[in-house]
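Worksheet: one structure, shown below.
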Amino acid sequence: MSDPSLKPPASNTPMKPPQVVALAGSGGGLQLPVTAPQKLNSNGSSASSSASGSATGNPRNKCALKPGYSLMSWIRLCNSGADLSGTGGRVVPVSRLELARHNKVDDAWMAIRGRVFNVTRYMDFHPGGVDELMRGVGRDATKLFDEVHAWVNYPQLLGKCYVGPLKENETKEPKDSPQITSVALKPPEIVPRFDWIQQRSELTLIFYTRGFANPGLLILHKDALQLTVRILVQHNWHTFDFQLTNKVQWPPKVAKIGAETGKIELVLAKEEAEPWPTYGTHVSSQLDSASIQEENYEYEVTSSKDFNHDSFDFRLQSVQREVLMLLPVGYHVDIEVPQEGGAIQRSYTPVDQCYLHLDNNSSSDLEGLNFLIKRYPNGPVSSHLHQLQAGSRLHLSPPRGTFQLSELTAHRNILLLAAGSGLTPILSLIQPVLKRNTNRIESLQLMYFNKTQEDIWLKEKLEELHAQDERFSCTNYLSQAESSPQRISLELLTPFFQKKQPDRCTYVAICGPSGFNTAAVDILKQLDAEPMQIHVFRG
């Protein structure tokens, strides 16, 4: 993610920032740099591709990109939820010794201005080619980067590849010490297992994944006899194409995911109440992750109303009610809106209906997605969405994210840090954590940071939740309070990490603006929190 403290190197020559292309991301909006314009030769004309040694005619592009590896393809990959950093969403401090070990084409890390990025997946997208990028792999590439393209906004271009800060002043290992490279073991692949049961008037399709596997569900309704069920688990999509014995009604009576068990149940009403000899037939397959990135689904606005002075709640439902989507815990979707002859996207996490004041309609509750969105005066997506009326249409991506619910199972005292609209992914964790029976939670504490009282979202709802379950608590902090303004700080977090205290927090989930996230991680490092104990939600 971008870091406002990072600045281009000082120069006596006035420089202009590059043009940018919007990238779906957090509320602040990610942007990618457009390739710099061609340099002019001594005659004032554009240098030819042969003169520049470039297949594209751009002196900075040393090779032509392969089909499917354009800037927009990179944007789609960044938005796909793929773990490009290789850390599962965690921020991991990196020593220079560790950095040097990742110096191969298929395992490539580099440091730029104190930040380490895993550029392995970016290799084929780099306009300068693999060989050029390899010049900076395994080392601090800041000087090389500044010589070639200092104006490229690398924190946004490589934001999803961020591994962690480069550790300085490390203690050097003795020359004769054994060289041990940490290896992240790939968990065994989970392949959903199918079963079915029936009653006289109902058919239930059941899919078993694994406890805390955090699956997602996407159902495409074709007709009364055919439907496609897609299950997202461990970033892999598994598809079940059903041809049913007899007709069923749509939408389903029940569609639910057991967060703790990983069990998925889909209950369909039969058009005629009678026993079936079998459910029918199905063909199962695994989808290529790249193909699902290209998909989008048409939704329409069913309701929109102001929530407070600068935010609104927003409800969407699939056009013709043909898609039903249940997201994994902590995941988001990209909402696309038209802009200046093209399209622009932003990432939003749906909010469970229990937090919002909505009409109780079981079918629409099941099919719809609810959002709580902050409206930014100059925000092209949020401003556009706020103006939409019921019936307006837009496009949604499949579920995307990197959060692993299984990371929380070993922890009984968990701290949640949210700022502003960063509350929405944090909300998705609360119920699954409080309801789990395995290693039952002892305390779930939310520290919620805003500017003023008027900016606080869902204050009464969160107080109600505390009244229902005292293991949960929420404390609000205001940076513009008339008396005792407070921001996230070492002093505020220290009491949660007192050593040898039985209620010491052992896991932290964070979501807010990039500056807030960075400050939180820096403070947690001072409190000796391990990378495996931290998850930062990034758009």
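Would you check if there is a residue in region 332-347 being in contact with an Asp or Glu (Cβ under 9 Å, 6 or more places away or on another chain) and open to solvent by 40 Å² or more (accessible area, probe 1.4 Å)?
First, pick out the residues of region 332-347 that are in contact with an Asp or Glu (Cβ under 9 Å, 6 or more places away or on another chain): 343-347.
Then keep just the ones that are open to solvent by 40 Å² or more (accessible area, probe 1.4 Å); that gives 343, 345.
Yes: one or more hits.
Kindly indicate the residue of region 500-534 that is in contact with a Phe, Trp or Tyr (Cβ under 6 Å, 6 or more places away or on another chain) and under 17 Å from Tyr448 (Cβ atoms) and also surrounded by the fewest Cβ atoms within 10 Å (Cβ to Cβ) among those meeting that condition.
Per the criteria, the residue is Cys505.
Answer with yes or no whether Arg375 is without any contact (Cβ under 8 Å) to a residue 40 or more places away in the chain and among the basic types (Lys, Arg).
Working: without any contact (Cβ under 8 Å) to a residue 40 or more places away in the chain: no; among the basic types (Lys, Arg): yes.
Taking the combined requirement at face value, the residue does not satisfy it.
Check off (1) crowded, with 17+ Cβ neighbours inside 10 Å; (2) under 22 Å from the mean Cα position of the chain (by Cα); (3) not hydrophobic (A, V, I, L, M, F, W, C) for Glu294 and give me the number that stays unchecked.
Against the list (1) crowded, with 17+ Cβ neighbours inside 10 Å; (2) under 22 Å from the mean Cα position of the chain (by Cα); (3) not hydrophobic (A, V, I, L, M, F, W, C), Glu294 comes up short only on (1).
For the list (1) modelled with pLDDT of 75 or more; (2) of a type in the set (A, V, I, L, M, F, W, C); (3) part of a loop (DSSP other than H, G, I, E, B), I need the number of the one condition that Leu97 fails.
Result: Leu97 fails condition (3) only.
Which condition breaks for Asp306 when tested against (1) of a type outside the set (Phe, Trp, Tyr); (2) at pLDDT below 90; (3) loosely packed, with under 13 Cβ neighbours inside 10 Å?
Looking at each condition in turn, Asp306 falls short on (2).
For region 198-236, name all the residues that are at pLDDT 95 or above, open to solvent by 40 Å² or more (accessible area, probe 1.4 Å) and under 21 Å from Thr409 (Cβ atoms).
Within region 198-236, just Tyr208 meets the criteria.
In region 368-379, which residues are open to solvent by 40 Å² or more (accessible area, probe 1.4 Å) and part of a strand (DSSP E or B)?
Scanning region 368-379 gives a single hit, Lys374.
Quick one: in region 219-247, which of the residues that are of a type in the set (Val, Ile, Thr) and part of a strand (DSSP E or B) is farthest from the chain's Cα centre (by Cα)?
Going through the qualifying residues, I end up with Thr228.
If I ask for residues that are open to solvent by 30 Å² or more (accessible area, probe 1.4 Å) and over 11 Å from Leu99 (Cα atoms), which ones from region 129-141 would you list?
Hits for region 129-141 are Val130, Asp131, Glu132, Met134, Arg135.
Of these, Glu300, Glu336, Glu295, which one is among the acidic types (Asp, Glu) and assigned to a loop (DSSP other than H, G, I, E, B)?
None of the others qualify; the one that does is Glu295.
Spot the failing condition for Asn118; the list is (1) open to solvent by less than 10 Å² (accessible area, probe 1.4 Å); (2) modelled with pLDDT of 90 or more, and only one is missed.
Asn118 satisfies all of (1) open to solvent by less than 10 Å² (accessible area, probe 1.4 Å); (2) modelled with pLDDT of 90 or more except (1).
Only one residue in Asp359, Asp365 is at pLDDT below 85 and either buried (at least 22 other Cβ atoms within 10 Å of the Cβ) or within 17 Å of Phe307 (Cβ to Cβ) (or both). Which one? Spell out the reasoning first.
Details: Asp365 fails: either buried (at least 22 other Cβ atoms within 10 Å of the Cβ) or within 17 Å of Phe307 (Cβ to Cβ) (or both).
Criteria check complete, one pass: Asp359.
Against the definition (under 20 Å from Leu232 (Cβ atoms), at pLDDT below 95 and hydrophobic (A, V, I, L, M, F, W, C)), how does Ile292 come out, yes or no?
When the stated conditions are applied, Ile292 passes them.
Just need a number here: residues in region 248-289 that are in a loop (DSSP other than H, G, I, E, B), over 23 Å from Arg321 (Cα atoms) and open to solvent by 60 Å² or more (accessible area, probe 1.4 Å).
5
This table checks each residue for (1) modelled with pLDDT of 95 or more; (2) among the acidic types (Asp, Glu); (3) under 20 Å from the mean Cα position of the chain (by Cα).
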residue: Thr409; (1), (2), (3): no, no, no
residue: Ala419; (1), (2), (3): yes, no, yes
residue: Ser428; (1), (2), (3): yes, no, yes
residue: Asn450; (1), (2), (3): yes, no, no
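Can you tell me which residue is nearest to Glu454 (Cα to Cα) among those in region 380-404 that are in a helix (DSSP H, G or I) and open to solvent by less than 10 Å² (accessible area, probe 1.4 Å)?
Checking each candidate, the answer is Ser382.
The values are calculated or read from the model by the stated rules, or taken from the named source; none is laboratory data. Since the model is a prediction, treat every value here as computed from it, not as a measurement. Reconstructed Cβ throughout: ideal geometry from the backbone, glycine too, with neighbour counts over all protein chains shown. Note: areas computed on protein heavy atoms with side chains; ligands, DNA, RNA excluded. Shrake-Rupley method; radii C 1.70, N 1.55, O 1.52, S 1.80 Å.
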